[in-house]
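First the structure, which I've put down as structure tokens, then a few questions once you've had a look.
The values are calculated or read from the model by the stated rules, or taken from the named source; none is laboratory data. Quick caveat, the model's predicted, so the values are computed rather than measured. Cβ atoms come from the backbone with ideal geometry, glycine included; neighbour counts cover every protein chain shown.
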Amino acid sequence: MSGTSLDGLDIVYVQFTEKDEIISYKLIYSKTVDYSVELESKIKKSATLGLAEIQILDKAIGLFYAQEVQNFIDEFHIDPKEITAIASHGQTILHQPENGFTLQIGCGGTLAYHTGVNVINDFRTKDVIAGGQGAPLVPIGDFDLFHKKASSFLNIGGFCNISFKTNDVIQAFDICPGNLPLNKFSNELGAAFDKDGYFASEGKLNAELLERLNHLDYYNQPNPKSLGTEWLEASFYPKIQRDLITKDIIHTLCVHYVEQIAKVLNQENISSVFVSGGGAKNKFITNALQKQFNGEVIIPGVETIDFKEAIIFAYLGYCYILNKPTTIQSVTGSTIALSTGVLHKPGYPTYPQS
């Protein structure tokens with residue numbers, strides 16, 4: 001799993017079991033691998049690349065995935081024959097469901113060939129073809145694997161997304177931005193991200209900026225809906241005055257996020273929220289959310305915070321293998337629930353010898 005915030009490639013080795021229609025998982029091994037400065041820089045510029053350059057980057061990311069997965073297999077002494085499949089999210093570089101497409105690169109064929117293991121990727125495209133947003137995909141895992149933890153699930157990654165049930169129907173959507181803008185402005189202060197929400201706590205609220213952000217058109221759009229980096233560039237960042245103190249921007253962004261998240265939780269009469277993603281470690285956000293949310297904020301252990309999305313994408317691979325749905329119609333807005341993904345076989349009949 002690699003998210004839009006580019007805070008590393010999360011690799012997990014997961015076993016799924018099912019008994020009496022109850023699905024459980026065992027996280028056996030997990031690890032996060034940093035991108036090289038060069039590759040991360042190329043990914044950040046991917047939206048401006050031409051077709052040939054995107055193809056080159058697609059193969060480069062696929063090779064990076066393959067090398068790191070092979071290192072993971074070697075480090076933990078995993079027998080490749082025991083791996084049913086690698087489920088790979090890929091790297092989202094374009095997401096325009098309103099125009100009929102979404103694009104995650106990280107060549108599945110390259111990953112399959114170099115590891116000798118079947119690969120399932122491209123989990124979003126088919127849903128967009130069926131009229132959906134192609135996102136979010138995590139809610140099916142939230143409610144199949146973590147349903148006993150809370151009544152709703154909030155992931156604070158590159159964007160903040162929520163899933164919950166209304167009259168037994170799962171609802172999910174992107175609420176607002178998340179770590180992407182926070183990381184962008186933390187970079188100006190010489191940091192990769194705002195560790196523990198320190199910069200936010202040092203800053204002051206800019207009421208004018210908060211007012212502009214809270215009145216963005218996206219927040220009045222009906223569900224299902226989703227956000228992408230294109231929206232940040234076109235609609236979000238232009239609202240931020242560049243003459244403001246950077247810590248004040250970060251503080252105001254966090255207040256904005258909390259207000260938007262709490263508004264959704266309270267309007268839906270949600271009793272508890274299970275928070276994951278890198279933003280769950282931002283104490284400024286979680287403490288402020290607990291004050292504004294009428295229910296209980298649940299912060300899990302670090303392993304769940306860091307690897308929940310990777311676990312769920314492994315689960316989507318499990319569902320694909322068993323021809324079960326990987327999407328929820330009420331969540332993505334597609335015409336039908338689908339078993340999405342594309343299978344890539346290594347292309348040779350036996351596993352390569354180490």
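Taking G106 as meeting all but one of (1) under 16 Å from D174 (Cα atoms); (2) surrounded by 24 or more Cβ atoms within 10 Å (Cβ to Cβ), write down the number of the exception.
Single failed check for G106: (1).
Please verify whether K59 is at pLDDT 95 or above and over 21 Å from L103 (Cβ atoms), treating the condition exactly as stated.
no
How about region 320-332: which of its residues are surrounded by fewer than 22 Cβ atoms within 10 Å (Cβ to Cβ) and farther than 20 Å from V12 by Cβ?
N323, P325, Q329, S330
Right, next: If only one of T84, T32, T17, T4 is closer than 18 Å to K308 by Cα, of a type in the set (S, T, Y), touching a Gly at 6+ places or on another chain (Cβ under 9 Å) and modelled with pLDDT of 95 or more, which one is it?
T32
Within region 115-126, identify whether any single residue is part of a helix (DSSP H, G or I), of a type in the set (A, V, I, L, M, F, W, C), in contact with a His (Cβ under 6 Å, 6 or more places away or on another chain) and modelled with pLDDT of 95 or more, and answer yes or no.
No, that holds for no residue.
Same structure again: So L227 passes all but one of these: (1) in a helix (DSSP H, G or I); (2) under 16 Å from G158 (Cα atoms); (3) under 19 Å from the mean Cα position of the chain (by Cα). Which condition number does it fail?
Looking at each condition in turn, L227 falls short on (1).
In contact (Cβ under 8 Å) with a residue 40 or more places away in the chain, on the phi > 0 side of the Ramachandran plot and surrounded by 15 or more Cβ atoms within 10 Å (Cβ to Cβ): which single residue out of G317, G347, G341 fits that description?
Answer to the check: G341.
Ok, one more. Hey, D243 hits all of (1) out of contact with any helix residue (DSSP H, G or I) (no Cβ under 7 Å at 6 or more places or on another chain); (2) within 24 Å of V297 (Cα to Cα) but one; which does it fall short on?
Result: D243 passes all but (2).
Something else about it: Hey, can you tell me all the residues within region 13-35 that are among the hydroxyl-bearing types (S, T, Y), in contact (Cβ under 8 Å) with a residue 12 or more places away in the chain and surrounded by fewer than 14 Cβ atoms within 10 Å (Cβ to Cβ)?
Residue satisfying the conditions is S24 alone.
In this structure, is S36 touching a helix residue (DSSP H, G or I) at 6+ places or on another chain (Cβ under 7 Å), polar (S, T, N, Q) and assigned by TED's automatic domain parsing to the domain that holds F76?
The answer is no for S36.
Go through (1) part of a helix (DSSP H, G or I); (2) in contact (Cβ under 8 Å) with a residue 24 or more places away in the chain and name the single condition Q290 misses.
(2)
Listed here are the residues, each with its yes/no results for (1) within 26 Å of K26 (Cβ to Cβ); (2) touching a residue at least 40 places away in the same chain (Cβ under 8 Å).
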position: I93; (1), (2): no, yes
position: P97; (1), (2): no, yes
position: G100; (1), (2): no, no
position: A112; (1), (2): yes, yes
position: N118; (1), (2): yes, yes
position: N121; (1), (2): yes, yes
position: K126; (1), (2): no, yes
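Restricting to region 129-146, and then to whatever is in contact with a Ser or Thr (Cβ under 6 Å, 6 or more places away or on another chain) and farther than 27 Å from V275 by Cα, can you tell me which residue is surrounded by the most Cβ atoms within 10 Å (Cβ to Cβ)?
The extreme case among them is A130.
Is it fair to say K149 is surrounded by fewer than 24 Cβ atoms within 10 Å (Cβ to Cβ) and in a loop (DSSP other than H, G, I, E, B)?
Answer is yes for this residue.
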